[in-house]
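We did not get these values from a lab; they are worked out from the coordinates using the rules stated. All values reported here derive from a predicted model rather than from experimental measurement. Counting neighbours? That spans all protein chains shown, and the Cβs are built from the backbone with ideal geometry, glycine included.
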Amino acid sequence: MSTPTASRSRGRRLRENSIGIGSSTAIGIASTAPAYSLAVSVGLLAAFAGGAAPIVLALSAIPVILVALCFRELNRTEPDCGTNFAWTEKAFGLATGRMVGWTTVMACVLVMGNLAQVAAIYTYTLFGLDGAAESRLAQAGLGTAMIGVMAYLAYRGVRIAARLQIVLVCLELAALLYFAVKAFAAAGSLALPNDTGSGSWAGSFLVAIFLYWGWDSSFSINEESVEPNRTPAIGALLTNATLIVVYLVVAWAAVAYAGLDRLSGVGEDDFFATLSDDLLGTTGGRILIGAVLISALASTQTTILPTARTMLSMARRDAFPGQFARISAKYQTPTVSTWAFAGASALVYVALVLTSDAVLADSVAAISVLVSLYYLATTLAVPLYFKGSLAERRLQRVVVPTLAAACFAVVLVLAAFDVGVGPLVVVAVSLAVGAAVMFSMKPHAPEGDPA
């Protein structure tokens with residue numbers, strides 16, 4: 001097994017000391033795509049949990065914070081850009097580490113299709129091109145082009161990405177808070193309905209995991225951060241604190257204004273599109289459409305950044321072909337990993353958009369299950385990773401990981417009976433393909449050639 005120091009010494013390095021706490025937080029928030037995630041999730045939350053939706057969001061943040069603390073503990077010792085792959089590989093061995101890395105990559109491939117679809121449809125809608133917004137070919141064409149542009153910006157360097165994300169995140173959060181203020185004003189009351197919807201708590205939790213997922217991007221840029229052992233953890237915790245506030249406020253405002261019947265009827269469709277014109281008028285509705293578009297585009301870029309680094313780390317540790325470890329001499333960013341992930345995402349997206357009537361609905365639950373699986377693996381890895389020094393930090397290395405692992409294990413068991421066959425088939429196929437691909441590869445020594 002390659003040690004972190006030895007593996008990093010091969011070839012070129014990523015650009016060090018490029019990301020501070022502010023940029024790390026911005027990238028973490030952008031990766032969660034708050035406006036997009038809320039748009040496709042609030043209707044589902046209302047259907048599953050009814051008036052308890054804001055409470056579910058608050059409670060769901062607890063295991064997410066526990067997982068973030070597990071990432072923090074592991075990152076303190078080993079700030080590797082492969083994050084959960086690198087840590088589980090050391091704790092469980094190469095085979096398990098490979099599957100955790102593949103699970104992470106597959107979750108990101110699936111969400112890229114969602115993001116590209118939303119970005120394409122909202123772009124056409126924003127400019128009044130309703131015919132193109134309903135055309136699958138037009139959606140596929142523009143969505144693929146957007147993946148290409150965001151991949152190029154990610155390839156140009158993490159500093160450029162961070163500066164762009166700070167601007168986009170500020171615009172996105174401002175639009176969401178504008179919606180919340182208008183919704184509360186129109187509702188005239190903060191009271192929530194007593195109805196608890198269908199009572200599908202496992203489904204509610206999975207939706208919440210989808211909403212919060214993305215904060216771990218702060219850790220994926222650890223090698224490029226100032227104080228790599230410390231900065232990513234602060235960025236991730238600030239990301240989660242921001243998200244908790246924004247999600248609670250927006251979900252509360254939506255339920256108070258629209259009521260459960262209207263929100264539940266939206267389901268997995270975009271609730272902003274349903275409510276924005278009535279609440280905000282034509283101009284305000286376009287502002288909100290712009291916010292969701294910005295959210296999807298920003299998250300497309302910040303999904304490429306961490307996934308390319310996961311693939312880079314896997315190649316450095318002989319878990320992936322060596323070509324994926326190439327780093328650009330000019331930009332000091334992953335080359336093959338960035339473009340390979342973007343290409344795979346585009347292919348999967350085009351296949352979905354041309355064959356499926358519900359690209360968004362087909363993958364949200366599956367993504368949440370995949371994310372829960374790799375969160376579970378990472379939490380279980382902590383005690384094994386530190387097995388020789390558990391007494392030094394028992395709370396961080398035993399208690400917190402045990403609580404987090406218990407939460408995700410329970411939800412995954414319940415979800416097996418609750419989410420339906422479709423998402424579970426997607427998960428099973430993803431893992432089966434991953435096993436076939438991972439264990440058929442014959443890794444070669446990583447390369448550091450310029451690109």
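Over the stretch 1-155, what is the relative contact order in percent, taking alpha-carbon pairs closer than 8 angstrom and at least six residues apart? Don't jump to the answer; show the numbers that get you there.
Details: 59 pairs, mean separation 18.4, N = 155.
Relative contact order here is 12 percent.
So who's got an amide H within less than 5 Å of the one on GLY20, skipping anything under 5 residues away but keeping other chains? H placed 1.01 Å off N, in plane.
Close amide H contacts, sequence-distant or interchain: VAL226.
Work out Dmax and Rg for the chain from the C-alpha atoms and quote the Rg first, both in angstrom.
Every Cα atom of the chain included, Rg and Dmax give 20.8, 64 Å.
From the phi of every residue in the stretch 423-436, what ³J(HN,Hα) in whole Hz does the Karplus formula 6.51 cos²θ - 1.76 cosθ + 1.60 yield, where θ is phi - 60° and glycine or proline is x?
x, 5, 5, 4, 5, 4, 5, 4, 6, 5, 4, x, 4, 5
Angle, helix 136-155 long axis vs. longest principal axis of the chain, Cα atoms, 0 to 90°, nearest 10?
Computed tilt is about 40 degrees.
Fully extended, how many nm does the chain gain between ASP261 and ALA95 (0.36 nm per residue separation, minus their Cα-Cα distance)? Display every interim value, and only then the final one.
Numbers: separation 166, 0.36 × 166 = 59.76 nm, distance 4.74 nm.
Gain on extension, ASP261 to ALA95, equals 55.0 nm.
Can you compute 3J(HN,Hα) from phi for each residue in the stretch 391-402, using the Karplus curve 6.51 cos²θ - 1.76 cosθ + 1.60 with θ = phi - 60°, rounded to whole Hz and x for Gly and Pro?
So the Karplus estimates, Gly and Pro as x, are 5, 5, 9, 4, 4, 6, 9, 10, 5, 4, x, 5 Hz.
Any idea what angle helix 271-316 forms with the longest principal axis of the chain, computed on alpha-carbon atoms, 0 to 90 degrees, nearest 10?
10 degrees
According to the Cα gyration tensor, what semi-axes, each the square root of 5 times an eigenvalue, does the equivalent ellipsoid of the stretch 308-408 have, listed from largest to smallest in whole Å? Let's see the in-between values first.
Working: eigenvalues 214, 117, 16 Å².
Over the Cα atoms of the stretch 308-408, the ellipsoid semi-axes are 33, 24, 9 Å.
What do you get for the angle between helix 21-32 and the principal long axis of the chain? Use alpha-carbon atoms, 0 to 90 degrees, nearest ten.
Approximately 60 degrees, to the nearest ten.
Find, to one decimal place in angstroms, the Kirkwood hydrodynamic radius of the stretch 244-396, where the mean of 1/r is taken over every pair of different Cα atoms and then inverted. Present the calculation step by step, with values, prior to reporting the outcome.
Numbers: mean 1/r = 0.0508 Å⁻¹.
Hydrodynamic radius (Kirkwood, Cα only) of the stretch 244-396 equals 19.7 Å.
For Cα pairs less than 8 Å apart in space and 6+ apart in sequence, what is the mean separation divided by the residue count of the chain, i.e. the relative contact order in percent?
After rounding, I find 34 percent.
Roughly how many whole Å is it from the C-alpha centroid of the stretch 251-302 to that of the stretch 127-166?
Using only Cα atoms, the two centres lie 20 Å from each other.
Magnitude of the Cβ-charge dipole of the chain, K/R +1 and D/E -1, about the Cα centre, nearest 20 debye?
Computed about the Cα centre, the dipole is about 1660 debye.
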